[in-house]
Amino acid sequence: MNSITKARLVNELNEKELQTGSANTHKSWHHVYRESAWIYVGGIDFELTEGDIICVFSQWGEIVNINLLRDKKTGKSKGFAFICYEDQRSTILAVDNFNGIKLAGRAIRVDHVKDYKPPKEHEKDDDLIKTLKELGCAPGVELSSSSSSSSRRKDEKNSTYIKQEPKRFKK
């Protein structure tokens with residue numbers, strides 16, 4: 001069964017719950033996922049970033065974690081993500097309202113995740129990856145020492161920015 005068919009079936013199930021009046025009770029199919037604030041989003045356009053996904057999905061609640069899976073060698077998106085909301089009720093809104101919609105020209109599938117375990121930090125990351133995780137990859141901006149306790153300098157070898165402590169002068 002493809003993801004469009006699954007999305008249609010979930011939407012039909014939601015419609016049936018609305019007609020019977022069981023949508024907001026323990027009889028709802030959402031009740032099984034009441035302990036998890038994670039959702040699965042599949043069929044995402046490969047060009048969308050974490051920021052794009054957060055912009056779209058944050059209309060249903062505060063997002064506290066996102067894991068857009070990427071190819072380890074190329075860094076390109078695999079087309080699916082896991083999102084964690086601050087409040088579990090936001091997952092119901094996201095699943096009910098986004099399942100089957102078109103996002104960036106592609107139909108997406110949104111569903112609850114019962115037992116998601118976020119990935120642990122990679123202990124084998126090299127220094128460049130650790131630096132990127134710490135400082136980000138945005139262009140460096142020279143900060144004056146009066147406005148910040150540290151600044152960043154460009155590491156010409158790796159074309160990255162390194163956090164640099166300010167120089168201390170003796171009086």
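The values are calculated or read from the model by the stated rules, or taken from the named source; none is laboratory data. This is a predicted model, so every value here is computed, not measured. Here the Cβ positions follow ideal geometry from the backbone for every residue, glycine too, while neighbour counts run over all protein chains shown. Side chains are part of the model used for accessible areas, which takes the heavy atoms of the whole protein and leaves out ligands, DNA and RNA. Shrake-Rupley method; radii C 1.70, N 1.55, O 1.52, S 1.80 Å.
For the pair Lys120 and Leu93, label points projected 7 Å from Cα toward Cβ lie 3.5 nm apart.
With the whole protein complex present, Val113 retains an accessible surface near 20 Å², based on a 1.4 Å probe. With the highest mean first, a sort of the peptides 83-90, 97-104 on other beta-carbon atoms found within 10 angstrom per residue produces 83-90, 97-104.
Glu50 contributes an accessible area of around 60 Å² to the protein surface, as traced by a 1.4 Å probe with all chains present.
What full-extension length gain, to one decimal in nm, is calculated for Cys55 and Asp71 as 0.36 nm per residue of separation minus the Cα-Cα distance?
This chain segment gains 3.5 nm when fully extended.
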